[in-house]
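The values are calculated or read from the model by the stated rules, or taken from the named source; none is laboratory data. Just so we're clear, the structure is a prediction, and the values are computed from it rather than from any experiment. Here the Cβ positions follow ideal geometry from the backbone for every residue, glycine too, while neighbour counts run over all protein chains shown.
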Amino acid sequence: MNLADAPLAQPLELLTLPSHPNLKARLRAMGVKPGCQLLVMRRGSPGGILHLRMGLLDFMLRRSDASEMEARPLSSYRDEALPGTGGRPSPRPG
């Protein structure tokens, strides 16, 4: 899926970077590279910017640049939880 169209707060794995060499280098310098996990936190007005989060790093990206990047959804913690737990971890003993 195109990163610009990714759903909000869905964990994603980044598959590609944009084609522009300077932007690609800047993203790599921040640790944003294929294989990293990120979230789309919010979107600006139509045609605006995306607020993205990768670990402790929050950054903004133009939607036109994000449209050149591919990502795939990852299963969320809730999806991986055991049936009947409601997505919550079991309490730790002791």
Checklist outcome for this item: Within the range 8-56, residues at pLDDT 95 or above and at positive phi come out as G31, G35
Checklist entry - Are there any pairs, at least 6 apart or on different chains, whose C-beta atoms fall under 6 Å, with the first in the range 27-48 and over 18 Å from E68 (Cβ atoms) and the second exposed (fewer than 13 other Cβ atoms within 10 Å of the Cβ) and of a type in the set (A, V, I, L, M), and if so, which? => result L39/A9
Item to check | Selection count where residues are among the aliphatic types (A, V, I, L, M), part of a strand (DSSP E or B) and either surrounded by 15 or more Cβ atoms within 10 Å (Cβ to Cβ) or at pLDDT below 90 (or both), scope the range 57-82 | outcome: 2
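Of everything in the range 1-53 that's assigned to a helix (DSSP H, G or I) and not aliphatic (A, V, I, L, M), which residue is nearest to L74 (Cα to Cα)? Full working, then the answer.
Let us first name the residues in the range 1-53 that are assigned to a helix (DSSP H, G or I), namely 3-5, 21-29.
Remaining after also requiring not aliphatic (A, V, I, L, M): 5, 21-22, 24, 26, 28.
Numbers: D5: 15, P21: 27, N22: 28, K24: 23, R26: 25, R28: 21 Å.
By that ranking, first place goes to D5.
From the set of residues in the range 8-32 that are of a type in the set (S, T, N, Q) and more than 17 Å from the chain's Cα centre (by Cα), which is surrounded by the most Cβ atoms within 10 Å (Cβ to Cβ)?
Step one: of the range 8-32, the residues of a type in the set (S, T, N, Q) are 10, 16, 19, 22.
Going one step further and asking which of them are more than 17 Å from the chain's Cα centre (by Cα), we end up with 19, 22.
Details: S19: 10, N22: 8.
Once the filter is applied, the top-ranked residue is S19.
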Checklist outcome for this item: Checked against (1) crowded, with 16+ Cβ neighbours inside 10 Å; (2) farther than 17 Å from S67 by Cβ; (3) not hydroxyl-bearing (S, T, Y), L3 satisfies every condition except (2)
